[in-house]
Amino acid sequence: MRLGDQFSSDCVSGRGRVSWLEAIGWKNMLSLQNAGKRFGPRILFQDANWLITPRERTALVGGNGAGKSTLMKLLAGDESVGPLDDGQLQRTRGMSIGYLPQEGLRLSGRSVFDECLSVFDELRTMEAELDGLATALATLDHEGAEYRAAGERFSMLQSRFQALDGYALDAQVGGVLTGLGFDKTDWTRRTDEFSGGWQMRIALAKLLLARPNLLLLDEPTNHLDLETRNWLETYLRGYPFGYILISHDRYFLDVTVDRTVELWNKRLHIYAGNYTKYLSAKAERKAQLLAAYRNQREQIEHLEAFINRFRAQATKAKQVQSRIKELEKIERIEIPEEEPVIHFRFPQPPPSGRVVAAAEHLAKSYGEKCVLRGVNFTIERGDRVALVGQNGAGKSTLIRLLTGVETPSAGAGAVKLGHNVVAEYFAQDQYKVLDPAARMLDEISRAAIRVPEVELRSLLGCFLFSGEDVFKPLGVLSGGERNRFALARILVSPSNFLLLDEPTNHLDMRAKDVLLEAIENFSGTVIFVSHDRYFLDRLATKVFEIVDGELTVYPGGFADYARDREAAATSAGAGGDLATARKSPVPSATGSAGGKSTSVAATGVEIAARSGARRLNPLKQKQMEQRAAHLEEEVPRLEAAIALTEEQLGNYVSAQETERLTRLLDELRKQLADATGEWEELMMTLEDQAEAE
């Protein structure tokens, strides 16, 4: 990762001339000019031209192995890929680039919070100097030249520190860490304690806090859950500089980019618009290319026919030579070989009964931690159930309970499968149950007795196993590769009840399309966990949400669920407090329990029991409402006082006045934090009380 790297305007090719971008007055830009890169004898791209603007919002797309990650590393200045083989890559002077690779980063030695604060080393050095100057100003002779010099330096530094938002560093770090899913208890943990996925989140947090002129993010959503992806989408839409993304998440690209650059047929092709618009424009361009190819073939065939017909006639020699020269001048249009589109259908399983699975008063705890409590639901034949919730909410636990891998806590409800139900479970760590000595093609052939080998090899190709790869033993594959194989294996011999925990992890768009189409045409029942919004939108017919151990059923697709949650966030949070909204299920949704339709809103007694709220004394409730109203007026007053104090601090008067204002600012910020926290607690209590009534 490169944070705040400073690049000169010298060409990466080493020619060292002044960038033409600077000559025309542009700032914070890169350009590729007739660029080419090879990987051994293979050409990744050639004659590439790309002008990257200060407000770049671009998706970099292309087939697997096309060279997207290599190109991203070249733009970032990563020396591991070497220089360009042809052309030039130019960067304007003073430009900062932040690069997040797909994997491989490992951070250690500091707490999560301190690691993120490290991107502000310049500001922290400035803060230390300000503290030293404040101490010096308190001891120096107020009439001396040294005092005046220190005062001027202090005033200058403080103005710059304030302009760079130096007083809000902790708040910035906390906001980004919270957005990326870190609990406050994680902030003080050492980075060494976190797994690879969370390490990548820390690296992403550092990049976002550093705010380079250009962000280069290679698969940034790989290790993010749905809620965190939504936060990142919002963050990027408000990002003040440019970014380039590689991602296999269509929805994420659609809402974050306004330009798409495709690496295809060894060339860069630039399209205006997001990913969906790119697909449409690409189809039009391909149709035009095919039409031009056919016209050219007709022209070539006509010329060749004339040459072959009259080559032996002396009277036509001049015309023949003319046709030969014309034929030689034609620049042949090439139609690149496309990856074949695979349409795979599940072998349809025997039908199950109408009720596939049901839970009554289901609960599960691990020691003192309660993951699920009082859960009731019914899954019927043909349902496509999306299971959603924050990381650690209990989604995987619920799926394991349905499969029988785990059992409910003692005396805490039950899970029942219906008549003729045969469940097939795909776990996030499914690779652990595969035979490491078995060859890939042999293993999948045993699972799909009636599927031809050529079709099996095509399916494996969709899951990124081609050529001699299919003869490898499973033990030599990485965890992600074995998970992809395990998913392909499930496709060829499905049961009538599929339970899929993160099936879209490690899949590119092509493999996701194969999986999606197969499930859409599947006659059985599916419950799945996924963080891919496009996958959720296309597949889900019902949504189960787990929040604080409780399950809420939302009939309808994922888009309906998202609208309900947005409405709940607006009403419950008085401005979109999502944390409060999560505790307030949407009352209009209905689900089924034990085969009988029940309202998710339930009765007031049930809601009070579920939320842990007790009825308040009317006098106490009135006092809380008055206190909340007072705090709503107090918070803006404190914010205004903080802004005024910060402005006064920017104008140096004396050391004593600076010390007084600094103490006042600290006190005002503490009062604001206390008031905000108290208001939030009051509002949550009052909302629980309103639900109980």
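The values are calculated or read from the model by the stated rules, or taken from the named source; none is laboratory data. Model, not experiment: these values are computed from the prediction. Note: ideal-geometry Cβ built from the backbone for every residue, glycine included; neighbour counts use all protein chains shown.
Out of Gly77, Gly87, report the one residue that is over 29 Å from the mean Cα position of the chain (by Cα) and within 23 Å of Ala59 (Cβ to Cβ). Residue meeting the stated conditions: Gly87. Considering the conditions (1) closer than 27 Å to Leu668 by Cβ; (2) charged (D, E, K, R); (3) more than 24 Å from the chain's Cα centre (by Cα); (4) loosely packed, with under 15 Cβ neighbours inside 10 Å, Lys184 is excluded by exactly one of them, (3). Taken as a whole, the condition of being at pLDDT 85 or above, under 25 Å from the mean Cα position of the chain (by Cα) and outside any strand (DSSP E or B) applies to Arg55. Here is a check on your reading of the model: is Glu481 over 19 Å from Ile527 (Cα atoms), buried (at least 19 other Cβ atoms within 10 Å of the Cβ) and among the acidic types (Asp, Glu)? It is true that Glu481 is over 19 Å from Ile527 (Cα atoms), buried (at least 19 other Cβ atoms within 10 Å of the Cβ) and among the acidic types (Asp, Glu).
If you filter the stretch 266-289 down to residues that are buried (at least 16 other Cβ atoms within 10 Å of the Cβ) and in contact (Cβ under 8 Å) with a residue 60 or more places away in the chain, you find that the one that is farthest from Glu334 (Cα to Cα) is Asn274.
Checked against (1) hydrophobic (A, V, I, L, M, F, W, C); (2) surrounded by fewer than 18 Cβ atoms within 10 Å (Cβ to Cβ); (3) in contact with a Gly (Cβ under 8 Å, 6 or more places away or on another chain), Leu224 passes all but condition (2). Evaluating Leu245 against the criteria (1) modelled with pLDDT under 90; (2) touching a strand residue (DSSP E or B) at 6+ places or on another chain (Cβ under 6 Å) leaves one unmet condition, (1).
Ala312 passes every criterion in (1) more than 30 Å from Leu217 (Cα to Cα); (2) in a helix (DSSP H, G or I) apart from (2). Listed by first and then second residue, the pairs with beta-carbon distance under 8 Å, at least 6 apart or on different chains, first residue in the stretch 299-317 and farther than 12 Å from Ile330 by Cβ, second in a loop (DSSP other than H, G, I, E, B), form an empty list. If you go through the stretch 79-121 and pick out every residue that is without any contact (Cβ under 8 Å) to a residue 40 or more places away in the chain and part of a loop (DSSP other than H, G, I, E, B), you end up with 2. Test of understanding: among Thr407, Thr378, Thr397, which residue is over 24 Å from Tyr561 (Cβ atoms) and modelled with pLDDT of 80 or more? One residue alone meets the criteria, Thr407. Among the residues here, Arg660 qualifies as assigned to a helix (DSSP H, G or I) and at pLDDT 50 or above. When you look at Ile546, is it surrounded by 14 or more Cβ atoms within 10 Å (Cβ to Cβ), touching a Leu at 6+ places or on another chain (Cβ under 6 Å) and modelled with pLDDT of 90 or more, yes or no? No, not satisfied.
Taking the stretch 350-390 as the range and being in contact with a helix residue (DSSP H, G or I) (Cβ under 8 Å, 6 or more places away or on another chain) and either closer than 22 Å to Thr504 by Cβ or hydroxyl-bearing (Ser, Thr, Tyr) (or both) as the test, the residues that pass are Arg384, Ala386, Leu387, Val388, Gly389, Gln390.
Does the stretch 33-44 include one or more residues that are part of a loop (DSSP other than H, G, I, E, B), at pLDDT 85 or above and β-branched (Val, Ile, Thr)? No - not one qualifying residue is present in the stretch 33-44. Being of a type in the set (Lys, Arg), surrounded by 14 or more Cβ atoms within 10 Å (Cβ to Cβ), out of contact with any Leu (no Cβ under 8 Å at 6 or more places or on another chain) and under 27 Å from Tyr534 (Cβ atoms) is the requirement here; does Arg237 meet it? Considered against the rule, which asks whether it is of a type in the set (Lys, Arg), surrounded by 14 or more Cβ atoms within 10 Å (Cβ to Cβ), out of contact with any Leu (no Cβ under 8 Å at 6 or more places or on another chain) and under 27 Å from Tyr534 (Cβ atoms), Arg237 comes out as no. Here Phe154 fulfils each of the conditions (1) over 30 Å from Asp508 (Cα atoms); (2) surrounded by fewer than 16 Cβ atoms within 10 Å (Cβ to Cβ) apart from (2). Pairs linking a residue in the stretch 365-388 that is assigned by TED's automatic domain parsing to the domain that holds Leu536 and on the phi < 0 side of the Ramachandran plot to a residue that is basic (Lys, Arg) and surrounded by fewer than 17 Cβ atoms within 10 Å (Cβ to Cβ), with Cβ atoms under 7 Å and 6 or more positions apart or on different chains, are Glu380/Arg354; Arg381/Arg354.
Suppose the filter is modelled with pLDDT under 85, closer than 30 Å to Trp264 by Cα and part of a helix (DSSP H, G or I); does Arg297 pass it? The answer is no for Arg297. Criterion applied to Gly151, Gly87, Gly109 was being closer than 28 Å to Arg201 by Cα and either small (Gly, Ala, Ser) or in contact with a Lys or Arg (Cβ under 9 Å, 6 or more places away or on another chain) (or both), and the one residue passing it is Gly109.
To keep it simple, each residue is scored yes or no on (1) over 30 Å from Asp508 (Cα atoms); (2) among the charged types (D, E, K, R); (3) at pLDDT below 90.
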site: Tyr147; (1), (2), (3): yes, no, yes
site: Leu164; (1), (2), (3): yes, no, yes
site: Ala168; (1), (2), (3): yes, no, yes
site: Gln172; (1), (2), (3): yes, no, yes
site: Ser195; (1), (2), (3): no, no, yes
site: Arg201; (1), (2), (3): no, yes, no
site: Ala205; (1), (2), (3): no, no, no
site: His223; (1), (2), (3): no, no, yes
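Of the residues that sit in the stretch 326-364 and are over 25 Å from Arg381 (Cα atoms) and of a type in the set (A, V, I, L, M), which one is modelled with the lowest pLDDT? This residue is Ile342.
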